[in-house]
1. Put +1 on the Cβ of every Lys and Arg and -1 on every Asp and Glu Cβ in the chain; which of Val126, Tyr13, Thr102 then has its Cα farthest towards the positive end of the dipole?
2. Report the number of Lys pairs in the chain whose alpha-carbons are under 25 Å apart, with separation of 8 or more residues or on distinct chains.
3. Can you list the residues of segment 84-115 with backbone N under 16 Å from a point 7 Å past the Cα of Asn124, pointing along Cα to Cβ?
4. Only four residue types carry charge here, +1 at the Cβ of Lys and Arg and -1 at the Cβ of Asp and Glu. Report the dipole size of segment 1-138 about the Cα centre in Debye, rounded to the nearest 20.
5. Could you tally the net charge around Asp139, taking each other residue with its Cβ under 12 Å from the Cβ of Asp139, Lys/Arg +1 and Asp/Glu -1?
6. Considering the values (i) 1, 8, 17, 21, 19, 13, 9, 6, 3, 2, 0, 0; (ii) 1, 9, 19, 24, 22, 15, 7, 2, 1, 0; (iii) 2, 8, 16, 17, 16, 13, 11, 8, 6, 2, 1, 0, 0, which represents P(r) over Cα pairs in 5 Å bins from 0, in percent as calculated for the structure under consideration?
7. Could you go through segment 133-149 in sequence order and give the Karplus-derived ³J(HN,Hα) for each residue, using 6.51 cos²θ - 1.76 cosθ + 1.60 with θ = phi - 60°, rounded to whole Hz, and x for Gly and Pro?
8. Mean separation of Cα pairs under 8 Å and 6+ residues apart, divided by the residue count of the chain: what relative contact order is that in percent?
Amino acid sequence: MYIPVTDDGEPFYSEGFAVRFFKSDGTEWVANFKPGWTGLNKVFELKNSPNILVIAGGTCYIMNPDQTKPISVFGNGYVDFFVNQDGQLILQDQIDLTIIETDGEYWDTERISWDGLKGLKLENNVVTGLSYDPMNDADEWVEFTYNIDSKILTGGSYNRYNIEKKPWWKIW
């Protein structure tokens, strides 16, 4: 019987994303991962770690094959991915990117879009694409580039407007 794996540890008995794990002692077990909001299902071996990355319906689970509880759970709306020449995994959701290092550590870019990314390409550790801008009547797509090495975002619909962020307590 499978073992349900969720982000909050609550039992999950609906059909999810099933993955068979092989423990270091030679035994095996099957996990049923609770899916997120998309159709992206994938399993990745992490290059510099004994852990496995499971993407179930757009939700990421970092798992040690010897354990039935996730080490980490994040995201729920990843729709696509790229792997660069260094083995880093770049995940795309609707507003930003998440970069997963070869050891399983991960980080998010700053927000790129108000609500939607499309046409993404990866070349020389630079992601290019379009980000949705619903702020005017034209509903347009704005170009952006994100350099993974320098962590510099250029363009994008979210940064298009100079919205000053004030502390919550400052009302004037």
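Every read-out reported here was derived from the displayed coordinates using simple, explicitly stated rules and does not represent laboratory data. For clarity, every value in this text was computed on a predicted model and none was experimentally measured. For neighbour counting, all protein chains shown are included, and Cβ atoms are generated from backbone atoms with ideal geometry for every residue, glycine included.
1. Tyr13
2. Number of lysine pairs found: 17.
3. Backbone N within reach: 85-86.
4. Dipole magnitude for segment 1-138 comes out near 400 debye.
5. -4
6. Calculated P(r) over Cα pairs in 5 Å bins from 0, in percent: the matching label is (iii).
7. Calculated HN-Hα couplings, in order: 10, x, 6, 10, 5, 7, 6, 10, 10, 10, 5, 8, 9, 10, 8, 5, 5 Hz.
8. Details: 390 pairs, mean separation 20.0, N = 172.
Across the chain, relative contact order equals 12 percent.
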